[in-house]
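Okay, so here's the structure we're looking at.
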Number of protein chains: 2
Amino acid sequence: MAQASTFRLGLVQMACGDDPAANMARALDLMAEAVRGGAQLICLPELFRSRYFCQREDAALFDLAEAIPGPSTDAVGAFCRAHRVTAVASLFERRAPGLYHNTAVFMGPDGALMGRYRKMHIPDDPQYYEKFYFTPGDLGFKAFDTEVGRVGTLVCWDQWYPEAARLTALQGALLLMYPTAIGWLPQDKAEYGARQRQAWHTIQRSHAIANGVYVAAANRIGWEPSGTGAAGQGIEFWGSSFICSPEGDFLAEAPADREAVLLADIDLTRVERFRRGWPFLRDRRTDAYSGITQRYGDTGKASAGHG
Amino acid sequence: MAQASTFRLGLVQMACGDDPAANMARALDLMAEAVRGGAQLICLPELFRSRYFCQREDAALFDLAEAIPGPSTDAVGAFCRAHRVTAVASLFERRAPGLYHNTAVFMGPDGALMGRYRKMHIPDDPQYYEKFYFTPGDLGFKAFDTEVGRVGTLVCWDQWYPEAARLTALQGALLLMYPTAIGWLPQDKAEYGARQRQAWHTIQRSHAIANGVYVAAANRIGWEPSGTGAAGQGIEFWGSSFICSPEGDFLAEAPADREAVLLADIDLTRVERFRRGWPFLRDRRTDAYSGITQRYGDTGKASAGHG
């Protein structure tokens, strides 16, 4: 089928409660709103089917994981088939007993699972104890040929890594999507909150600019309790989902505190127009980048030839 | 000598005229102003000793190049020795007949040439015909142990490359400086000007965030004629030099249309505080980054293992 050069992207920004079935129903409602707005590709927030359970380490919570394909890909796939759209859904993948991933799936307009990306960079910080739950991805950085064009997904913490965006763009992705679960720790918000969110926007807009691609992030909103459930703890997810152009301009931006469906038209020909004007890919010094594969410059190979 | 953890950085934003001797004198005047403001490390704009001659291709302009060490390192070195400061000076290096580089030198407080970085990424766009003049650098991405700490310099077009910032940070640089010559083409300014400058700020602030380092850019200002000298042509250099924190916040920002000396205190302990809070270096997937050394994902090796 010949592709049009322009399509409409929809992002779902939502609150996630205790009941996975209710979260899935809510996600499908918001996806339907996106479809009514004309969306042909829809991206859901990270791990939308549950609370952000990584606020504590509890082996019982592995029960939230599911096979892929499984019930969630069935539900999202049925929606995609009914509405002839493509969707990116972030799921807690049970790959084998004791082996779990933070995985984003592409569901096609025929309802089929088109492919999966397993989150490559796994954080571990107070109340984001992801290294306990998620084995780092082993599929590398990928682009997917969808009905609307060649696009890629990364997941949350990946968004801080220029390498991840670059490698996905080098695979041909013209749009990078970031299902996300990021927010403020209540004790940090007053002093650092604005700066943290600004940095989160800045780093992702920079991926658009550096690679000449569209970038979109779908975050959750709302306060969720930590393991203790004590007041003044937990995480307040900051929403602020956005879609930006290759120039890094916001095409759509969601509020910090309400659910939202964001829509923007993605013109894939704009990618080439941008890259003709600012031809960064032409001048990459691939002969001098081998140190990127080293942990630090004190590793023998990283400094060889760069004395 | 034991280093203090905090030092004052000074950036010179200046207009550059036709006379190299006058430009050097002006640079030294502005450096003296920075010293009076307490600067211990001073960064000059790209190729401050001349007009931005790359607006046209003219072999006679290779006469502007000079040996390193040479007259300009002598002049800046004498200043550094007299005032006991370190300086980064961007020069047109004549390495051999027919072999020229866009080179930034570090001059130490004893007046000595401490080291050089040769611009690795060379642009070539209308009125920025740098590939005609500059052989791409062959020294790689480097950090330098200066009197005030371990810092790095890159040059202008390098600023669009996350790889360059990452590799310099991995060499241990806690501050990245970008001598720059960037501006608006008059015919573009009204429609694209604000967006272009915003993108320039965004990409550099993102290097601060991604690597947890300070970032500073020293640009020139003023309109300079193109080869034709016709009105409505040339480049209007947009100034807007800045110093930003590891969080990507502006600590100092210069206007777009006036010379300026920017000063900010750089607290090297803040780098580690930032990186403890957002430990991006810990989680880099160095096992999965080899594709960075490829031109594009269709090169055999770039996609191997990442199917």
**Request:** Go through (1) crowded, with 16+ Cβ neighbours inside 10 Å; (2) outside any helix (DSSP H, G or I); (3) away from chain A (no Cβ under 12 Å) one by one and return the number of the condition B:Asp257 breaks.
**Result:** (1)
**Residues of region A:93-119 that turn out to be open to solvent by 10 Å² or more (accessible area, probe 1.4 Å) and more than 21 Å from A:Gln171 (Cα to Cα), as a count** = 11
**Request:** For region A:159-167, indicate whether the set of residues that are at pLDDT 95 or above, among the hydrophobic types (A, V, I, L, M, F, W, C) and in a loop (DSSP other than H, G, I, E, B) is non-empty.
**Result:** no
**Hits in region B:122-171 - residues which are farther than 27 Å from B:Ile221 by Cβ, out of contact with any Pro (no Cβ under 8 Å at 6 or more places or on another chain) and surrounded by fewer than 19 Cβ atoms within 10 Å (Cβ to Cβ)** = B:Thr135, B:Pro136, B:Asp138, B:Leu139, B:Asp145, B:Arg150
**Message:** Could you go through region B:115-136 and let me know if any residue there is more than 22 Å from B:Glu57 (Cα to Cα) and within 10 Å of another protein chain (Cβ to nearest Cβ).
**Reply:** no
**Item:** Any chance B:Glu46 is acidic (Asp, Glu) and buried (at least 18 other Cβ atoms within 10 Å of the Cβ)
**Value:** yes
**Message:** Restricting to region A:1-25, name every residue that is surrounded by fewer than 23 Cβ atoms within 10 Å (Cβ to Cβ) and closer than 28 Å to A:Lys131 by Cα.
**Reply:** A:Ala15, A:Gly17, A:Asp18, A:Asp19, A:Pro20, A:Ala21, A:Ala22, A:Asn23, A:Met24
**Prompt:** Within region B:138-153, how many residues are more than 8 Å from every other protein chain (Cβ to nearest Cβ) and either charged (D, E, K, R) or in contact with a His (Cβ under 8 Å, 6 or more places away or on another chain) (or both)?
**Reply:** 4
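Table: residues versus (1) more than 13 Å from the chain's Cα centre (by Cα); (2) away from chain B (no Cβ under 14 Å); (3) not β-branched (Val, Ile, Thr).
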site	(1), (2), (3)
A:Val155	no, no, no
A:Gln159	no, no, yes
A:Pro162	yes, no, yes
A:Thr168	no, no, no
A:Tyr178	no, yes, yes
A:Pro246	yes, no, yes
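Results for (1) in contact with a helix residue (DSSP H, G or I) (Cβ under 9 Å, 6 or more places away or on another chain); (2) open to solvent by less than 20 Å² (accessible area, probe 1.4 Å), shown as yes or no for each residue.
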position: B:Ala173; (1), (2): yes, yes
position: B:Met177; (1), (2): no, yes
position: B:Lys189; (1), (2): yes, no
position: B:Gln196; (1), (2): yes, no
position: B:Thr202; (1), (2): yes, yes
position: B:Ala217; (1), (2): yes, yes
position: B:Ile221; (1), (2): no, yes
position: B:Glu236; (1), (2): yes, no
**Prompt:** What are the pairs, 6+ residues apart or on separate chains, where a residue within region A:291-307 that is under 15 Å from B:Tyr289 (Cα atoms) has its Cβ under 6 Å from a residue that is modelled with pLDDT under 80 and surrounded by 18 or more Cβ atoms within 10 Å (Cβ to Cβ)?
**Reply:** A:Gly291/A:Ala302; A:Gln294/A:Ala302
**Prompt:** Within the bounds of region B:189-205, is there any residue that is touching a Pro at 6+ places or on another chain (Cβ under 7 Å) and either assigned to a strand (DSSP E or B) or over 24 Å from B:Ala15 (Cα atoms) (or both)?
**Reply:** no
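The values are calculated or read from the model by the stated rules, or taken from the named source; none is laboratory data. Since this is a predicted model, take the numbers as computed values, not measurements. Ideal geometry is used to build each Cβ from the backbone, glycine not excepted, and the neighbour counts take in all protein chains shown. Heavy atoms of the whole protein, side chains included, go into the accessibility calculation; ligands, DNA and RNA do not. Shrake-Rupley method; radii C 1.70, N 1.55, O 1.52, S 1.80 Å.
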